[in-house]
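What follows is a set of notes on a single structure, which appears directly below.
The values are calculated or read from the model by the stated rules, or taken from the named source; none is laboratory data. For clarity, every value in this text was computed on a predicted model and none was experimentally measured. Cβ coordinates were reconstructed from backbone atoms using ideal geometry, including for glycine residues, and neighbour counts include every protein chain displayed. With ligands, DNA and RNA removed, areas are computed over all heavy atoms of the protein, side chains included. Shrake-Rupley method; radii C 1.70, N 1.55, O 1.52, S 1.80 Å.
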Amino acid sequence: MTATPSPAPTTVGEVTTVQPGTLYLVATPIGNLEDISYRALRILQAVDAIAAEDTRHTGKLLAHFQISKPQLSYHEHNQTKRIPEILDRLRAGQAIALVSDAGTPGISDPGVPLVAACGAAGLSVVPVPGACAAIAGLIGSGLPTDRFCFEGFLPTKGKERRDRLAQLAQEARTVILYEAPHRLRETLQDLANHGGDQRPIAIARELTKRYEQFWRGSLSEAIATWTLENPACPIKGEFVLIVGGVLPVAHQPTEAEIIAALADRMTQGMSRSAASREIAGQLNLPKRSVYELSLKIPD
């Protein structure tokens with residue numbers, strides 16, 4: 001399979017104009033309207049049409065920025081019908097912008113099949129990056145960002161949910177989840193049941209909006225805090241959960257390994273007591289228990 005090249009940009013000064021036959025994936029604000037980029041506004045003003053998850057919601061955004069463009073509804077319930085229509089428009093030379101209700105298209109929304117269809121048809125796709133709740137939550141969590149995985153919304157019930165939770169219980173990377181308010185309590189408890197209630201978690205609520213909130217602690221603390229009617233932590237709005245990865249379990253030496261280490265020290269001339277003290281300190285074990293094991297070594 002050959003790669004589909006992006007169209008050569010046409011520039012006016014340093015401003016790139018839209019290209020015909022191109023799908024633009026335009027990120028929109030997740031709350032604060034000031035988070036839209038100059039480039040996103042320019043693209044939305046210049047394309048021939050805008051494919052939107054909810055045309056009423058996007059219509060309010062466009063009206064705020066005084067943009068008047070035809071909209072196409074594109075969502076999970078009509079994508080099978082709508083994708084061929086969008087492809088035909090692109091083949092005819094139209095430039096089309098794809099937007100989701102909030103944030104970056106293709107992240108937990110129906111954008112992926114359309115992008116895949118464009119790729120298979122040899123049509124150009126250009127991302128216009130911007131706000132993303134997953135990344136905003138991650139960087140504000142205080143948890144490791146060098147390795148992370150995005151899970152979106154968990155399956156809501158049954159074996160599929162249990163299997164996914166079991167996988168996440170072994171995940172060493174930071175995990176990013178989206179959750180609805182009415183399932184928050186259940187999800188916190190399920191995460192604790194499967195992966196242990198001492199895993200660190202950050203809960204981000206209403207990101208970039210007026211009542212934005214970050215809460216940080218362990219899963220057990222989160223359950224105690226967010227399962228009560230706590231005015232400081234209302235279960236309202238949109239939630240991003242950032243869960244710390246599982247830490248590697250330190251090797252626990254066997255009795256035979258401890259005795260061997262003691263014997264090695266004693267053959268080097270250390271007394272039984274001194275050898276026990278050193279090994280106990282290295283392994284963070286009670287000195288008495290190590291000394292009792294040393295008694296199994298003949299003089």
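Tabulated results
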read-out	value
Complete set of residues in the stretch 150-165 that are open to solvent by less than 50 Å² (accessible area, probe 1.4 Å) and either over 30 Å from Ile96 (Cα atoms) or in contact with a Pro (Cβ under 8 Å, 6 or more places away or on another chain) (or both)	Leu154, Pro155, Gly158, Arg161, Leu165
Enumeration of residues in the stretch 212-261 that are within 22 Å of Leu143 (Cα to Cα), out of contact with any Gly (no Cβ under 7 Å at 6 or more places or on another chain), touching a residue at least 12 places away in the same chain (Cβ under 8 Å) and not hydrophobic (A, V, I, L, M, F, W, C)	Glu212, Gln213, Gly217, Ser218, Ser220, Glu238, Gly244, Gly245, Pro248
Residue match in the stretch 191-201 (condition: in contact (Cβ under 8 Å) with a residue 12 or more places away in the chain, in a helix (DSSP H, G or I), open to solvent by 40 Å² or more (accessible area, probe 1.4 Å) and among the small types (Gly, Ala, Ser))	no
Any chance Ala180 is within 22 Å of Pro231 (Cα to Cα) and buried (at least 19 other Cβ atoms within 10 Å of the Cβ)	no
Enumeration of residues in the stretch 265-279 that are more than 9 Å from Tyr291 (Cβ to Cβ), under 49 Å from the mean Cα position of the chain (by Cα) and open to solvent by 60 Å² or more (accessible area, probe 1.4 Å)	Glu278
Elements of type strands (runs of 3 or more DSSP E) in the stretch 31-135, at least 1 residues being open to solvent by 20 Å² or more (accessible area, probe 1.4 Å), touching a helix residue (DSSP H, G or I) at 6+ places or on another chain (Cβ under 7 Å) and not aromatic (Phe, Trp, Tyr)	71-73, 124-128
Sole exception among (1) modelled with pLDDT under 95; (2) within 16 Å of the chain's Cα centre (by Cα) for Ala166, by number	(2)
Subset of the stretch 202-251 [in contact with a helix residue (DSSP H, G or I) (Cβ under 8 Å, 6 or more places away or on another chain), open to solvent by 20 Å² or more (accessible area, probe 1.4 Å), closer than 15 Å to Ile176 by Cα and at pLDDT 90 or above]	Trp215, Glu238
Residues (assigned to a loop (DSSP other than H, G, I, E, B) and open to solvent by 70 Å² or more (accessible area, probe 1.4 Å)) located in the stretch 280-299	Asn284, Pro286, Leu295, Lys296, Pro298, Asp299
Residue that is nearest to Gln94 (Cα to Cα) [pool: residues in the stretch 17-29 that are open to solvent by less than 20 Å² (accessible area, probe 1.4 Å) and of a type in the set (Val, Ile, Thr)]	Thr22
